[in-house]
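Enquirer: This structure is in structure tokens; I'll ask about it shortly.
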Amino acid sequence: MNTWAKSETNGLEDLVKADDLSNNLPLVDLSTAHFKGNWKLPFAPKDNYVEEFYVNSHHSVNLTMMYRDGPAEICSNGNLDALGLRLHFNSSDLSMMFLLPNSRNNLPSLLENIKGYSLEYLVGRFIPYDHVHIYLPKFKTEFNIELSYVLKNMGMEKIFSNGDFSNTVNSSEPLAMGKVFHKAVVEVDEGGTVPEGLPERDYYSDTGYISFFAAHPFYYVIMNSDYVPLLQGTFVGV
């Protein structure tokens, strides 16, 4: 199973551990998602540097920070007490929105407050700017969960007792789902090749200086043009 997951997801490993399985599991469902896209406007690796990322007000860790200066969509949302950044991926309708709390410890409050807003509403508040100084940590997040308990609570008990899998599995014996594993990985890096001939950046020439400096915990979501969230999560530095 892990070999299949690794081949289908560009190297996603350890979806299932030996302790997760037993001889009396007739059927196991695997679900994986591995996202690593190329930005429409990538970051230059030569501009990477080490920066303090504040896990909270009192503790920080050193992380690789990416930088670029150029077009981006920005939103200063007073209702959420956060600054937003939206970047587009190359050759697709996908984009990634970052919401950075104005205070280092306010991520829990932000996560609670965004429940009252649709993605379409939030995206509609963004304004495109020609020059935004963007500082983003280079990061990789993983999420792994066994979903049988959740699915049973959603009313899907039948598949775990005497479900009909005749269109999925060729078996003369009745089958029941044993466990459902899901793992998602999101990688944010420089994301592509920087075109040659770009003008040199100028830190001080902007009349309206705008900076998105993500050096403390934030929320992110990857969505399509219909505002459907494909992957979302938080990055807290550890």
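Enquirer: Starting from residues that are surrounded by 12 or more Cβ atoms within 10 Å (Cβ to Cβ), at pLDDT 85 or above and of a type in the set (Lys, Arg), keep the ones in the stretch 113-158 and report whichever is nearest to the chain's Cα centre (by Cα).
Expert: 138
Enquirer: Kindly indicate which of 17, 6, 36 is within 18 Å of the chain's Cα centre (by Cα) and either at pLDDT below 95 or within 23 Å of residue 190 (Cα to Cα) (or both). If you could, list the steps in order and put the result at the bottom.
Expert: Numbers: 17 fails: within 18 Å of the chain's Cα centre (by Cα); 6 fails: within 18 Å of the chain's Cα centre (by Cα).
Exactly one of 17, 6, 36 is within 18 Å of the chain's Cα centre (by Cα) and either at pLDDT below 95 or within 23 Å of residue 190 (Cα to Cα) (or both), namely 36.
Enquirer: Then there's this: Filter the stretch 106-122 for residues that are in a loop (DSSP other than H, G, I, E, B) and either without any contact (Cβ under 8 Å) to a residue 60 or more places away in the chain or in contact with a helix residue (DSSP H, G or I) (Cβ under 6 Å, 6 or more places away or on another chain) (or both); which is nearest to residue 230 (Cα to Cα)? Quick ask: steps written out before the conclusion?
Expert: Step one: of the stretch 106-122, the residues in a loop (DSSP other than H, G, I, E, B) are 106, 117-118.
Retained after the next criterion (residues that are either without any contact (Cβ under 8 Å) to a residue 60 or more places away in the chain or in contact with a helix residue (DSSP H, G or I) (Cβ under 6 Å, 6 or more places away or on another chain) (or both)): 106, 117.
Details: 106: 24, 117: 17 Å.
Here the residue is 117.
Enquirer: A further question follows. Which residues, counting only those in the stretch 36-81, are among the hydrophobic types (A, V, I, L, M, F, W, C) and touching a helix residue (DSSP H, G or I) at 6+ places or on another chain (Cβ under 8 Å)? Full working, then the answer.
Expert: Pass one, the stretch 36-81, residues among the hydrophobic types (A, V, I, L, M, F, W, C): 39, 41, 43-44, 50, 53, 55, 61, 63, 65-66, 72, 74-75, 80.
Within the stretch 36-81, 66, 75, 80 meet the criteria.
Enquirer: Within the stretch 40-54, take every residue that is out of contact with any strand residue (DSSP E or B) (no Cβ under 6 Å at 6 or more places or on another chain) and surrounded by 14 or more Cβ atoms within 10 Å (Cβ to Cβ) and give me the one that is nearest to residue 87 (Cα to Cα).
Expert: 42
Enquirer: Here is a follow-up. Taking the stretch 79-107, which residues are polar (S, T, N, Q) and surrounded by fewer than 20 Cβ atoms within 10 Å (Cβ to Cβ)?
Expert: So in the stretch 79-107, the residues polar (S, T, N, Q) come out as 79, 90-92, 95, 102-103, 105-106.
Within the stretch 79-107, 79, 90, 91, 92, 102, 103, 105, 106 meet the criteria.
Enquirer: Just the residues that are in contact (Cβ under 8 Å) with a residue 40 or more places away in the chain and of a type in the set (Gly, Ala, Ser), please, taken from the stretch 61-81. Steps first, answer last, please.
Expert: First pass over the stretch 61-81, keeping only residues in contact (Cβ under 8 Å) with a residue 40 or more places away in the chain: 61, 63-75, 77.
The answer is 70, 72.
Enquirer: Follow-up question, since we're still on this one. Just the residues that are among the small types (Gly, Ala, Ser) and under 16 Å from the mean Cα position of the chain (by Cα), please, taken from the stretch 86-109.
Expert: Start the filter on the stretch 86-109 by keeping residues that are among the small types (Gly, Ala, Ser), which leaves 91-92, 95, 103, 109.
Within the stretch 86-109, just 95 meets the criteria.
The values are calculated or read from the model by the stated rules, or taken from the named source; none is laboratory data. Since this is a predicted model, take the numbers as computed values, not measurements. Neighbour counts are summed over all protein chains in view; Cβ atoms, including those assigned to glycine, are modelled from backbone coordinates with ideal geometry.
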